[in-house]
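Just below is one structure, and these are the notes that go with it.
The values are calculated or read from the model by the stated rules, or taken from the named source; none is laboratory data. Source: prediction; values computed, not measured. Don't worry about glycine lacking a Cβ; one is built from the backbone with ideal geometry, like all the others, and counts go over all protein chains shown. For accessibility, only protein heavy atoms count, side chains too; no ligands or nucleic acids. Shrake-Rupley method; radii C 1.70, N 1.55, O 1.52, S 1.80 Å.
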Amino acid sequence: MTRQQFYVTTATPYVNARPHLGFALEIVQADVLARHRRRRGQPVRFLTGTDDNSLKNVQAAEAEGVAVPELVDRNANAFAALRDLLGLSFDDFIRTSSDPRHRPGVERLWLACQANGDLYRRRYEGLYCVGCEQFSTPAELVDGRCPEHGVEPQPVAEQNWFFRLSRYQRRLGELIESGALRVEPASRRNEVLGFIAGGLEDFSVSRSAARSRGWGIGVPGDPDQVVYVWFDALANYVTALGYGTDAPDYHQWWAGGGRRVHVIGKGILRFHTVYWPALLLSAGVPLPTDILVHDYLTVEGRKLSKSNGNVIDPVALVGRFGTDAVRWWLLREVPRVGDADFTLERLGTRSDDDLANGLGNLVNRVVSMVHRYRDGQVPGDGPAAEGAERLVAACRRAPGLVDEALEDGDFRRATAAVWAIVEEGNRYVEAVRPWELARAERSDGAPPERLDVALGVLVGACRRLAEELAPFLPEAAARIAAQCTAVSGRLPAPEPLFPRIGRPTLERAAR
Ligand SMILES: [Zn+2]
């Protein structure tokens, strides 16, 4: 793996409500990528934040009877608080309404597109879904309703600024086709290519200031209009780096090469693979290099939504089951392609089977045996252990397999490579039966080498686990590393690593 710079972002969620589990999935994925690259020695910058300037936020504040900044503040703080709850390592958090870096960057991007002749005024009538913050064409509606939000879009007629997207159709197709703008997985790449091939129409990039109650960023030179919230929000990926003031960070992390990776959900694919790159092409700004697209979570088979009453609060989940259990479920259970169904029972089973029984038990047994049979002292490196070939191979292969899987944004495949060490470790313990070797030493005076070698291999495997698990379960990995690190020549006393969850039933009781 090279030393090239790695800049990774999440989408910026609307702050009309508190965070839900779907966003936890996205930000944990981005966190794993950031942690993984840092451990492999790459310079990393990880950005997240909130999209404050949405009409949705205005409407949510009106419904609650509070001022928009108050609602936005409260919910944005809830997103920022995910850092500790989910064990996140982001370097920067941008809020598009209040961050002083944002507005100058949006204005600069706007003026650059304008200077390139890509912005023009036009009267427009259409159906607008506030949930999507997007005009919908009749063909996109199902029974007259937005398929994403299940509501009828509102008719809107106004004079807006438009962006000449049509000019970029061929260039965008080439960039995605060639992989210069890489879209993963392939099914999403094909979806975008199909969309582009169908023809790109110019799109509206401003709204009337009256309709948005003045909330948002004014169009430079046209105070009756505010910049379309998607134009505004997408720009955060460069405004946070100081694009607006041509700051050194912008040159280091964006304009200066390296990887520029956006982790997003499937619902906003077009914004990131068509609109955003087109704006950048127009403005003469380099494009992102990778768009990693995840699917959605469902809860007990139904889409996460407030109207379904099944919005899972990650804060409550972590409070009850801990960061490790929640991260592990998101990373180990959610497939690369296809929606994943969350239930509390699955979370509990996954955590107990994998963490408490599989991983926790292995480390605990190994540390206990080192204490019982060698007074806490880890035997030094010995000859190759007979029968440990598969375990040794799993340890050796894991880093490369993790690298490959994460390159594809496949977190389940990455965790499977680490998991092979746990499985082979437990299998090896059962096969070599260290307790019998210890008995043979005591009663038959057998030489100590065989047990020394077995314990050495096992402690080495646990250390490799701590190393490779660190991006996925940073807290647990630190505990495992501590258990396997001698202090004054001896391992610390064995301690249980994970609580047992059992079969949680709160969800049912709450109905
Ligand atoms: Zn919608």
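Quick check: is even one residue across segment 92-100 touching a residue at least 60 places away in the same chain (Cβ under 8 Å), touching a strand residue (DSSP E or B) at 6+ places or on another chain (Cβ under 9 Å), part of a helix (DSSP H, G or I) and crowded, with 17+ Cβ neighbours inside 10 Å? Checked against the condition, which is being touching a residue at least 60 places away in the same chain (Cβ under 8 Å), touching a strand residue (DSSP E or B) at 6+ places or on another chain (Cβ under 9 Å), part of a helix (DSSP H, G or I) and crowded, with 17+ Cβ neighbours inside 10 Å, segment 92-100 yields no hits at all. Applying a threshold of 6 Å to beta carbon distances and a minimum spacing of six or more residues, or different chains, the list of pairs starting in segment 113-139 at a residue that is in contact (Cβ under 8 Å) with a residue 40 or more places away in the chain and closer than 16 Å to F271 by Cα and ending at one that is within 14 Å of the ligand (Cβ to nearest atom) and open to solvent by 40 Å² or more (accessible area, probe 1.4 Å) reads G131/H149.
Can you tell me which residue in segment 277-289 is nearest to D408 (Cα to Cα), limited to those that are surrounded by fewer than 20 Cβ atoms within 10 Å (Cβ to Cβ) and in contact with a strand residue (DSSP E or B) (Cβ under 9 Å, 6 or more places away or on another chain)? Among those that are surrounded by fewer than 20 Cβ atoms within 10 Å (Cβ to Cβ) and in contact with a strand residue (DSSP E or B) (Cβ under 9 Å, 6 or more places away or on another chain), it is T289. Counting only helices (runs of 4 or more DSSP H) that sit completely within segment 423-511, those holding 3 or more residues that are open to solvent by less than 30 Å² (accessible area, probe 1.4 Å) correspond to 434-444, 449-469, 474-483. For segment 181-189, the criterion of being without any contact (Cβ under 8 Å) to a residue 40 or more places away in the chain and either within 16 Å of the ligand (Cβ to nearest atom) or in contact with a helix residue (DSSP H, G or I) (Cβ under 6 Å, 6 or more places away or on another chain) (or both) is met by no residue.
With respect to (1) under 30 Å from T343 (Cβ atoms); (2) open to solvent by 10 Å² or more (accessible area, probe 1.4 Å); (3) modelled with pLDDT of 95 or more, the lone exception for V44 is condition (1).
Taken together, F163, F203, F195 contain a single residue that is open to solvent by less than 60 Å² (accessible area, probe 1.4 Å), away from the ligand (no atom under 16 Å from the Cβ), of a type in the set (F, W, Y) and more than 27 Å from the chain's Cα centre (by Cα), which is F163. On the stretch given as segment 166-192, residues that are of a type in the set (K, R) and surrounded by 14 or more Cβ atoms within 10 Å (Cβ to Cβ) total 4.
Exactly one residue out of S208, S178 is in contact (Cβ under 8 Å) with a residue 12 or more places away in the chain and either under 19 Å from P277 (Cα atoms) or among the polar types (S, T, N, Q) (or both): that is S208. Exactly one residue out of A76, A24, A30 is part of a helix (DSSP H, G or I), surrounded by 18 or more Cβ atoms within 10 Å (Cβ to Cβ) and touching a Lys or Arg at 6+ places or on another chain (Cβ under 7 Å), and it is A76. Condition first: of a type outside the set (G, A, S) and open to solvent by less than 40 Å² (accessible area, probe 1.4 Å). Now tell me which residues in segment 413-422 satisfy that. Correct list: T415, V418, W419, I421, V422.
State yes or no: is R211 over 27 Å from G338 (Cβ atoms), more than 16 Å from the ligand (Cβ to nearest atom) and open to solvent by 70 Å² or more (accessible area, probe 1.4 Å)? The answer is no for R211. Among residues of segment 68-97 being at pLDDT below 95 and of a type in the set (D, E, K, R), the one that is farthest from Y237 (Cα to Cα) is E70. Counting only residues that are under 15 Å from the mean Cα position of the chain (by Cα) and surrounded by fewer than 19 Cβ atoms within 10 Å (Cβ to Cβ), segment 246-266 holds 1 of them. Kindly establish whether Y243 is hydroxyl-bearing (S, T, Y), open to solvent by less than 20 Å² (accessible area, probe 1.4 Å) and out of contact with any strand residue (DSSP E or B) (no Cβ under 6 Å at 6 or more places or on another chain). For Y243, the condition - hydroxyl-bearing (S, T, Y), open to solvent by less than 20 Å² (accessible area, probe 1.4 Å) and out of contact with any strand residue (DSSP E or B) (no Cβ under 6 Å at 6 or more places or on another chain) - is met.
Which members of segment 125-160 meet the condition of being within 9 Å of the ligand (Cβ to nearest atom), farther than 19 Å from N53 by Cα and assigned to a strand (DSSP E or B)? Once the filter is applied, which keeps residues that are within 9 Å of the ligand (Cβ to nearest atom), farther than 19 Å from N53 by Cα and assigned to a strand (DSSP E or B), segment 125-160 yields S136, R145. A single member of G409, G400, G380 is surrounded by fewer than 16 Cβ atoms within 10 Å (Cβ to Cβ) and under 30 Å from D290 (Cβ atoms), and it is G400. Against the list (1) in contact with a Phe, Trp or Tyr (Cβ under 7 Å, 6 or more places away or on another chain); (2) within 16 Å of the ligand (Cβ to nearest atom), the condition Y120 fails is (2). For segment 486-496, the count of residues that are out of contact with any strand residue (DSSP E or B) (no Cβ under 6 Å at 6 or more places or on another chain) and at positive phi is at least one.
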